[in-house]
Amino acid sequence: MPSASDPLNWPGYPETLARARQQTGADESVTYGQVLIGDIDVMLIEFDFRFLGGSVGTATGDRLVHALSTARANGTPVVSLLATGGSRMQEGMFSLLQLQRVARECHLNRESGIPHIAVLRNPTTGGVWASLGAGADVILGLSGAQVAFGGSRVRSAEDADHPVFTSEGQFAAGLIDAVVTPDSLPVVLATWLELLTGGTPEPAEIPKALGGTELPATGWEAVMRARDAGRPRAAAYLESYFDAYQLISGDRAGGVDPGVLCGIGWRGGRSIAFAAQTGTATRAAGYRTASRLITMADLFGIPVLTLVDTPGAANDSASEAAGLADSISGVFTAVAAAHIPVTTLVIGEGGSGGALALAGAGRTWITPDAYFSVIAPELAAAILKREAGDDLADQLRLRPQDLLDLGIVDGIA
């Protein structure tokens, strides 16, 4: 007769479970408990691939639900160490339904501001990757691990060894935040836990200007100074501003924009999140990554600093096909919905809506070697059917001092 532990009355399943328990010394494929990582008390969930391939059955689902709900009740972050082939065949749809239960608990934890870091070990496949793993706030993949929704036994022969089905491939596609080694994992976990739990409600301080301090005489001079290849860029500002920082990567939808740096840093004993443009035309993936960063920071009470530096949003056909307008809308919405303060410093070009999307309303400053404009002067000339020249740049009132006089910015850094 079927039982709770053998709902399909699968031939030989009780004996298979007994062997797995004897070989591993564990009752199920998942163990959990509260531990210290660094100085942070966390709920640690660990899968054992030796136990029926780390598969999830009904008893496993019960354990995951209890671990996640306990973390929520105690307000402790979750670290999940995955190594799984997915759902347990011997329990059929009863096994698959556990993914809904796990996804719900992850959602409730996220709504409650409980950080979750997932570590993808070899292998991480199937529904567990799609429910517990891919929904984590920060995702770390161990170097060389197989990571895929479809495991190697269910993929076509030509895709069996494709590099996309690895931690490195998932990172390149913008689906995980970093690839780490087993030796570096403890330090990386401790650092991320400190950053995710170290927010305070005070706004981020304004970074000091790293470039020239003299204000431009004309609008065109402001544009040329902002476009100067020797001007300090976002990376220099981040290094100067933070004691240390960690980057997230990718939009979790298959895209990466190296022209946008997003992450969380440590400054003066507290965490500050950042989204920084690096001077290139920003792509849809960059805006989506920034949205992800701002939304995550808001959930965990971490103030945000944005560094604006872009000639504008990328306007090529590939960007349009990638949903550029929707991705920009997502950043506007994330900033507007945020309960934490968003502080902005324009450090270079502030080109149109592609720059404004990252600007915090009412908390925007500008450096002397930057400009902010409805559009670049050359493009304004094309639209207005005029010759591009100094007079048009002046008429746009895009210099730092113009923007201050107009009340567009709060100050010049």
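None of the figures in this text is laboratory data; all of them are computed from the coordinates on show. Source: prediction; values computed, not measured. Here Cβ is always computed from backbone atoms with ideal geometry, including for glycine, and neighbour counts include all displayed protein chains.
Numbers for the structure displayed
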{"read-out": "Euclidean distance between Cα centres, region 1-21 to region 257-306, Å", "value": "48 Å"}
{"read-out": "GluC sites (Glu not before Pro) within region 327-406: DSSP coil, no more than 10 neighbouring Cβ in 10 Å", "value": "GLU387"}
{"read-out": "Crossing angle, helix 13-24 versus the chain [Cα axis fit, 0-90 degrees, rounded to tens]", "value": "70 degrees"}
{"read-out": "Highest-MSF residue in the chain out of LEU358, LEU345, LEU189 [GNM, Cα springs under 10 Å]", "value": "LEU189"}
{"read-out": "In Hz, Karplus ³J(HN,Hα) per residue of region 257-271 (6.51, -1.76, 1.60; θ = phi - 60°; x = Gly, Pro)", "value": "10, x, x, 10, 9, 10, x, 9, x, 10, 9, x, x, 8, 8"}
{"read-out": "Inter-site label distance for ALA253 and GLU214 at 7 Å from Cα along Cβ, in nm", "value": "4.6 nm"}
{"read-out": "Other-chain or far-sequence residues with amide H under 5 Å of ALA314's (modelled H)", "value": "THR282, ARG283"}
{"read-out": "5 Å-binned pair-distance histogram of region 171-259 (Cα, whole percent)", "value": "2, 10, 13, 15, 17, 16, 11, 8, 5, 2, 1, 0"}
{"read-out": "Computed [θ] at 222 nm, deg cm²/dmol, the chain (DSSP H ≥ 4; -39,500 (n - 2.57); rounded to nearest 500)", "value": "-10000 deg cm²/dmol"}
{"read-out": "Dipole magnitude of region 13-196, debye to nearest 20 (Cβ charges: Lys/Arg +1, Asp/Glu -1, about Cα centre)", "value": "460 debye"}
{"read-out": "Integer Hz, Karplus 6.51/-1.76/1.60 couplings in order for region 62-76, x for Gly and Pro", "value": "4, 5, 5, 4, 5, 5, 5, 5, 5, 4, 5, 5, 8, x, 9"}
{"read-out": "Stretch gain in nm, segment HIS162-MET224, where the contour uses 0.36 nm per residue and the Cα spacing is subtracted", "value": "17.7 nm"}
{"read-out": "FRET efficiency for ALA382 and ASP405, using Cβ-Cβ distance with R0 set to 30 Å, rounded to 0.05", "value": "0.65"}
{"read-out": "Residue with peak Gaussian network fluctuation, the chain [Cα springs, cutoff 10 Å], from ARG88, ARG386, ARG21", "value": "ARG386"}
{"read-out": "From phi via Karplus (6.51, -1.76, 1.60), per-residue ³J(HN,Hα) for region 305-321 in Hz, x at Gly/Pro", "value": "10, 10, 10, 9, 6, 7, x, x, 6, 4, 10, 7, 5, 5, 5, 4, 5"}
{"read-out": "Which of GLY150, THR344, GLN90, positive extreme of dipole for the chain (C-beta unit charges)", "value": "GLN90"}
{"read-out": "Per-residue Cβ neighbour rank within 10 angstrom, fewest leading, GLU105, GLU205, GLU214", "value": "GLU214, GLU205, GLU105"}
{"read-out": "Order of THR76, THR310 - criterion: other Cβ atoms within 10 Å of each residue's Cβ, fewest first", "value": "THR76, THR310"}
{"read-out": "Distant-in-sequence amide H partners of ALA275 (H built 1.01 Å from N, under 5 Å)", "value": "LEU305, THR306, LEU307"}
{"read-out": "Rounded, prolate or oblate (a/c below 1.5 giving rounded, otherwise prolate when a/b exceeds b/c) for the chain by Cα gyration tensor", "value": "prolate"}
{"read-out": "Given charges at beta-carbon only (K, R positive; D, E negative), |dipole| of region 201-318 in Debye", "value": "160 debye"}
{"read-out": "Efficiency of FRET from Cβ geometry, ALA172 and ALA130, R₀ 25 Å, rounded to 0.05", "value": "0.85"}
{"read-out": "Selected from ALA204, VAL179, SER240, residue furthest toward positive end of dipole (the chain; charges at beta carbon)", "value": "VAL179"}
{"read-out": "Interchain or long-range residues, amide H under 5 Å from THR84's placed H", "value": "THR124, THR125"}
{"read-out": "Along principal axes, Cα extents of region 219-412, largest first, whole Å", "value": "48, 38, 30"}
{"read-out": "Cβ-based exposure ranking for HIS116, HIS339, in which fewest neighbours within 10 Å come first", "value": "HIS339, HIS116"}
{"read-out": "Listed residue (TRP266, MET296, ALA253) projecting farthest to the positive dipole end of region 225-302, Cβ model", "value": "ALA253"}
{"read-out": "Size of charge dipole - the chain - debye, nearest 20, with Cβ of Lys, Arg +1 and Asp, Glu -1, no other charges", "value": "760 debye"}
